[in-house]
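Worksheet: the structure to be examined is printed underneath.
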Amino acid sequence: MVVPRLQGGKVKFWPQKKWMQIVLVVVLVLIVVFVAFMSFAGLLLSGALSREVISEIEVMNEDGDETALIVYQPGFSSFSSDASHAFAEGLASSGWRVEITTASSEAPSDPSGYSLLTLAYPVYGGTVGTAIVNYVNRISDFGGIDTVIIATQGGDEPSLTIDTLKQQLQAANGEFLEGLTFSTADTSALESAQQAGSNITP
């Protein structure tokens, strides 16, 4: 049992039995490791949510009837990018000319030349990525462009963050067309993303 010990006028608690001392030390070490891990994970999460990745604009189906723009925020894994590209392939197969790039200060900021916009991002801790939010903030007027919002995540449950970005989009004169969620827990998620894109015709 743990008994109080009087040392230097102060009462200190320390187990008398050796095995209890070992258990206590192990528990204390585990607590320290857990706190350190959570702090590190928090820093990584903060970086993933706020980092801005600049990339070239990829074009699919150059001779498509109308042009769709897909702007996505990369995540820790390639899933956000993979889902965005799968959706782009679906759009291209249904006749769209598709431009796809990452959410950054270099991404197209004038939506007037596009007939469809797609905003895609990974969800961590139920939060919309900062890079995609910043991209939307940079565009003061979306000119009523039809917009699809895609949220990707690693859990089983769909994200509820679409409403947050939807409100921001509509406040800037964007027209919300559809909200889609794709999870890594679904082995057919990329096929579903491609099918969702092919369902939207120019």
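A DSSP coil position with no more than 16 other Cβ atoms inside 10 Å describes the following chymotrypsin sites (Phe, Trp or Tyr not before Pro) in segment 68-97: F76. For the peptides 129-137, 167-175, 146-154, the ranking by packing is 146-154, 129-137, 167-175, with the highest mean count of neighbouring Cβ atoms within 10 Å listed first. If both residues of a DSSP beta bridge must be in segment 58-198, then about 15% of such bridges are antiparallel.
Pop a pseudo-label 7 angstrom from the Cα along the beta-carbon direction at both D141 and Q168 and give the gap in nm to one decimal. Computed distance between label sites D141 and Q168 equals 2.1 nm. If R0 is 41 Å, what FRET efficiency do you get for S55 and V26 from their C-beta distance, rounded to 0.05? For R0 = 41 Å, the calculated efficiency reads 0.30.
Under a 5 Å amide H cut-off, with hydrogens placed 1.01 Å from N, I150 pairs with L119, A120, Y121, L180 among residues at least 5 apart or on other chains. The label point for E175 and the one for E62, both projected 7 Å from the Cα toward the Cβ, are 3.0 nm apart.
With Cβ to Cβ distances under 11 Å as the rule, what net charge do the other residues near I145 carry (K, R +1; D, E -1)? Surrounding charge for I145 is -4.
Bear in mind these aren't lab numbers, they're just calculated from the coordinates by the rules spelled out. This one's a predicted model, so the numbers in the text were calculated from it and none came from an experiment. Because the Cβ atoms are built from the backbone with ideal geometry, glycine has one as well, and the counts that use them run over all protein chains shown.
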